[in-house]
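Accompanying notes for the structure given below.
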Amino acid sequence: MKRLTLLCWLLIASLTVQAQLRLPKLISDGMVLQRDTRLTIWGWAKAGERITVRFKNKTYKATTDNQGKWKVALPPMPAGGPFTMEITGGNSQLTVNDVLLGDVWLCSGQSNMVHQMNIHDVTYAKEIAEANFPQIRQFWVPTLTNLRGPQPDFPQGQWKAAIGEDVRPFSAVAYFFARKIHQKYNIPVGIINASVGGTPIEAWISEEGLKEIPAQQALIEKNKDTTYVNGLARRRTNAPRPAPPVDLGTAGATKWYDPAYTPKGWRPINIPGYWEDQGIKDLNGVVWYRREVDIPASMTGKAARVFLGRIVDADELYINGKQVGRTTYQYPQRRYAVPADVLKPGKNVFVVRVTNMAGKGGFVPDKPYCIFAGADTVDLKGTWQYKVGTAYRPFTGGGFGGGNPAGGINAQNQPTALYNAMVAPAIDYAIKGVCWYQGESNAGRPGEYEALQRALISDWRNRFNQPNLPFLYVQLPGFMEYTYQPAESSWAVLREAQLKALSVPNTAMAVAIDLGEWNDIHPDNKKDVGERLALAAMNVAYNEKLVYSGPLFQSATIEGNKIVISFTHVGSGLITNDGEAPGEFAIAGSDKKFVWAKARIEGDNVVVWSDEVASPQYVRYAWADNPVNPNLYNKEGIPASPFRTDGK
């Protein structure tokens, strides 16, 4: 009897909690509401409950439906604030403080949209130190997935203002975009940041939005089968795995990072550089690096910082036997804090344990490698000693060597998974527009991207019930090795797909071909990206007549042994940013065998030719993963988009 009474009490308590007045996480202290448009305020309470919302001295009423959800509509209101919103229902009352009316932008995509100001705090140290923008606010959406369907709310989240250290978690691209808009129009700007590194575009589109893409529809249906998904997870968990290979550096009584260790059989190697380029063939495994570094007395007794560029893939840094840094994957820049008691005058033992799972392992070139404290800096580049701790056997499935275990899926890479969990809870929240920075994860299959980007734009406009929602996006920057001969490029094909998506009305593209880094998929220059997006917004979303884009290919006319290229968005005229002839143009005849071309600017056109091609048919510009010198701009300083005339 007591057990039954307890169960009844728990059930009543649970129903009482569920019936309490509740707001979505977005509707919370510090929120920015979209100005000049009809607003929806919503939440949950007991079914049939009468709800009252009071805002700016006006009252709005609603009644919850059978599922306990309620909505009220607020009329368009001008920018301003701060205000207070009060919501009452039954015996409950909630108050939302510090509410602003301004412009709200959904900023989404993968890692280059994720990258916070904190990650780029060396480049943007001044901007972080001087951040004092109480009317620029970000709501950071936690990383979540759901394969079954759209979710009603985020489990957590709050609005933060761009003031002091609180600006560090802001997306750098979104922050510089918002700052430009805020300073230009003197209005509050809210950022809803829903972005996840390493994710494909299809994960951000709803099931309805993918209905015209059969392959994605089939996968969506398969992923809804929880028996299938759980079965894969069990296979992954239960798959036999060999014991991890022994790392000699940690197996002995004296570890290789211990100052008491006496090195034997170590070989010279250079930092930076990959070990495959320095006499180690096709090694996936653990390689230890060691060096005695002279530290001046002036650097001791105080906190220091170590910059170790980027390392492929994972690393652990030890100084005098103490671990001072650790990173588990290749992309972050290694910037480690060294406590004041670690360094000593004279010889200091630096040891780096590097783990590589696939491809070339080691230290990425053209990055900073040093340790500094106060005004003193010691260079860490040069000759170190190395020894292999373990070599993984080639991966054949289910074991060590860099592959995934048999079976299993990565939910964040599945269609709809991120839309369901990270966008769907926000679709009732009115927004001004979208900033999108993504594409790297789709570069291996760029032929699909144009249809997927069009689907994304259409889908989000439908979901937010804004048919003309401004949609701004970033074209992929240059990345990977420079190519000094005309070549094919999947990154160039993806940029072409992004360029073609401009035919969708009320869109704009920020060209970033000049803002990349050959050795970093996450280039440091986020400010120019954000400000180019803001420039595009001024035209598309704020209806200003200004030059917001670089030159875009319009047409090609064959005139004898030359091809004349015309452009839109020439602004005040075409130029090269270095005063030289236009570079990165290639030309071909009907055989499509491209050779480098000569080019010159004639008015608003570029004339292209080559003495090797008597009857030219096709032209390409900056058609490479990372073109060497894409120097065509308009006089407003915005670069031309890469293009080709031989595409489908």
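The values are calculated or read from the model by the stated rules, or taken from the named source; none is laboratory data. These numbers were taken from a predicted model, which means no experiment stands behind them. Neighbour counts are summed over all protein chains in view; Cβ atoms, including those assigned to glycine, are modelled from backbone coordinates with ideal geometry. Note: areas computed on protein heavy atoms with side chains; ligands, DNA, RNA excluded. Shrake-Rupley method; radii C 1.70, N 1.55, O 1.52, S 1.80 Å.
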**OP:** Output the number of the condition that Ser489 fails; it satisfies all remaining conditions of (1) touching a Phe, Trp or Tyr at 6+ places or on another chain (Cβ under 9 Å); (2) closer than 22 Å to Ser108 by Cα; (3) among the small types (Gly, Ala, Ser).
**Re:** (2)
Original post:
Within the stretch 128-156, can you find the residues that are part of a loop (DSSP other than H, G, I, E, B), over 25 Å from Asn420 (Cβ atoms) and open to solvent by 60 Å² or more (accessible area, probe 1.4 Å)?
Top reply: Glu130
**OP:** Select from the stretch 571-619 the residues that are open to solvent by 20 Å² or more (accessible area, probe 1.4 Å) and in contact with an Asp or Glu (Cβ under 7 Å, 6 or more places away or on another chain) and list them in ascending order.
**Re:** Gly571, Ser572, Lys592, Val595, Tyr618
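Just to verify a result, which residue in the stretch 625-635, among those that are more than 19 Å from Ser549 (Cβ to Cβ) and among the polar types (S, T, N, Q), is least open to solvent (accessible area, probe 1.4 Å)?
Going through the stretch 625-635, the residues more than 19 Å from Ser549 (Cβ to Cβ) turn out to be 625-626, 628-629.
When the remaining residues are screened for being among the polar types (S, T, N, Q), the result is 626, 629.
Numbers: Asn626: 11, Asn629: 60 Å².
Result: Asn626.
Every residue, every condition in (1) among the β-branched types (Val, Ile, Thr); (2) in contact with a strand residue (DSSP E or B) (Cβ under 7 Å, 6 or more places away or on another chain); (3) open to solvent by less than 60 Å² (accessible area, probe 1.4 Å), yes or no:
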position: Asp247; (1), (2), (3): no, yes, yes
position: Lys281; (1), (2), (3): no, no, no
position: Gly285; (1), (2), (3): no, yes, yes
position: Trp288; (1), (2), (3): no, yes, yes
position: Glu292; (1), (2), (3): no, yes, no
position: Ala297; (1), (2), (3): no, no, no
position: Thr300; (1), (2), (3): yes, no, yes
position: Arg305; (1), (2), (3): no, yes, no
**OP:** List the number of the failed condition for Ala162; all other conditions in (1) at pLDDT below 95; (2) open to solvent by less than 60 Å² (accessible area, probe 1.4 Å) hold.
**Re:** (1)
Original post:
For the stretch 372-387, what are the residues that are open to solvent by 50 Å² or more (accessible area, probe 1.4 Å), in contact (Cβ under 8 Å) with a residue 60 or more places away in the chain and closer than 17 Å to Val352 by Cα?
Top reply: Lys381, Thr383, Gln385, Lys387
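For the condition at pLDDT 95 or above, aromatic (Phe, Trp, Tyr) and either more than 24 Å from Pro296 (Cβ to Cβ) or open to solvent by less than 50 Å² (accessible area, probe 1.4 Å) (or both), what is the one hit in Tyr329, Tyr369? Walk me through how you get there before you give the answer.
Details: Tyr329 fails: at pLDDT 95 or above.
None of the others qualify; the one that does is Tyr369.
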Subject >> Of all residues in the stretch 547-564 being within 39 Å of the chain's Cα centre (by Cα), open to solvent by less than 60 Å² (accessible area, probe 1.4 Å) and of a type outside the set (Gly, Ala, Ser), the one that is farthest from Glu602 (Cα to Cα) >> reply: Tyr548
Subject >> the stretch 89-107: number of residues that are surrounded by fewer than 21 Cβ atoms within 10 Å (Cβ to Cβ) and more than 30 Å from Val173 (Cα to Cα) >> reply: 6
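Mind checking whether some residue in the stretch 526-538 is out of contact with any Lys or Arg (no Cβ under 6 Å at 6 or more places or on another chain), closer than 22 Å to Lys598 by Cβ, modelled with pLDDT of 95 or more and surrounded by fewer than 20 Cβ atoms within 10 Å (Cβ to Cβ)?
Our first condition is that a residue be out of contact with any Lys or Arg (no Cβ under 6 Å at 6 or more places or on another chain); within the stretch 526-538, this holds for 526-530, 532-533, 535-538.
Still in the running and closer than 22 Å to Lys598 by Cβ: none.
No, there is no match, as no residue in the stretch 526-538 is out of contact with any Lys or Arg (no Cβ under 6 Å at 6 or more places or on another chain), closer than 22 Å to Lys598 by Cβ, modelled with pLDDT of 95 or more and surrounded by fewer than 20 Cβ atoms within 10 Å (Cβ to Cβ).
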Original post:
Under 6 Å by Cβ, and 6 or more places apart or on different chains, what pairs join a residue from the stretch 636-648 that is within 16 Å of Asn626 (Cβ to Cβ) and open to solvent by less than 10 Å² (accessible area, probe 1.4 Å) with one that is among the charged types (D, E, K, R) and modelled with pLDDT of 95 or more?
Top reply: Pro639/Asp514; Pro642/Arg495
**OP:** Tell me, please, whether a residue that is open to solvent by 40 Å² or more (accessible area, probe 1.4 Å), of a type in the set (A, V, I, L, M, F, W, C) and in a helix (DSSP H, G or I) can be found in the stretch 111-127.
**Re:** yes
**OP:** State all residues of the stretch 445-479 that are surrounded by 17 or more Cβ atoms within 10 Å (Cβ to Cβ), in a loop (DSSP other than H, G, I, E, B) and not aromatic (Phe, Trp, Tyr); if no residue qualifies, say none.
**Re:** Gln466, Leu469, Pro470, Gln475, Leu476, Pro477, Gly478
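Filter the stretch 79-116 for residues that are among the polar types (S, T, N, Q) and in contact with a Ser or Thr (Cβ under 6 Å, 6 or more places away or on another chain); which is farthest from Gln498 (Cα to Cα)? Spell out how you get there, then give the answer.
The first filter runs over the stretch 79-116 and keeps only residues among the polar types (S, T, N, Q), leaving 84, 88, 91-93, 95, 97, 108, 110-112, 116.
Now drop any that are not in contact with a Ser or Thr (Cβ under 6 Å, 6 or more places away or on another chain), which leaves 88, 97, 108, 110.
Details: Thr88: 47, Asn97: 41, Ser108: 16, Gln110: 15 Å.
Looking at residues that are among the polar types (S, T, N, Q) and in contact with a Ser or Thr (Cβ under 6 Å, 6 or more places away or on another chain), I get Thr88.
Enumerate the strands (runs of 3 or more DSSP E) found wholly within the stretch 21-88, keeping only those where 2 or more residues are open to solvent by less than 50 Å² (accessible area, probe 1.4 Å) and under 22 Å from Leu106 (Cβ atoms). Show your work before the answer.
Values: elements: 32-34, 39-44, 50-55, 58-63, 69-74.
In the stretch 21-88, 32-34, 39-44, 69-74 are the strands (runs of 3 or more DSSP E) which contain 2 or more residues that are open to solvent by less than 50 Å² (accessible area, probe 1.4 Å) and under 22 Å from Leu106 (Cβ atoms).
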Original post:
Out of all the residues in the stretch 496-505, is one or more of a type outside the set (Lys, Arg), in a loop (DSSP other than H, G, I, E, B) and open to solvent by 10 Å² or more (accessible area, probe 1.4 Å)?
Top reply: yes
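Can you pull out every residue in the stretch 582-613 that is among the hydrophobic types (A, V, I, L, M, F, W, C), assigned to a loop (DSSP other than H, G, I, E, B) and in contact (Cβ under 8 Å) with a residue 40 or more places away in the chain? Lay out the reasoning, then the answer.
Residues of the stretch 582-613 that are among the hydrophobic types (A, V, I, L, M, F, W, C), as a first pass: 585-588, 594-597, 599, 601, 606-609, 613.
This time we only want the ones that are assigned to a loop (DSSP other than H, G, I, E, B), so: 594, 597, 613.
Those that are among the hydrophobic types (A, V, I, L, M, F, W, C), assigned to a loop (DSSP other than H, G, I, E, B) and in contact (Cβ under 8 Å) with a residue 40 or more places away in the chain: Phe594, Val613.
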Original post:
Can we say Thr355 is touching a strand residue (DSSP E or B) at 6+ places or on another chain (Cβ under 8 Å), modelled with pLDDT of 95 or more and hydroxyl-bearing (Ser, Thr, Tyr)?
Top reply: yes
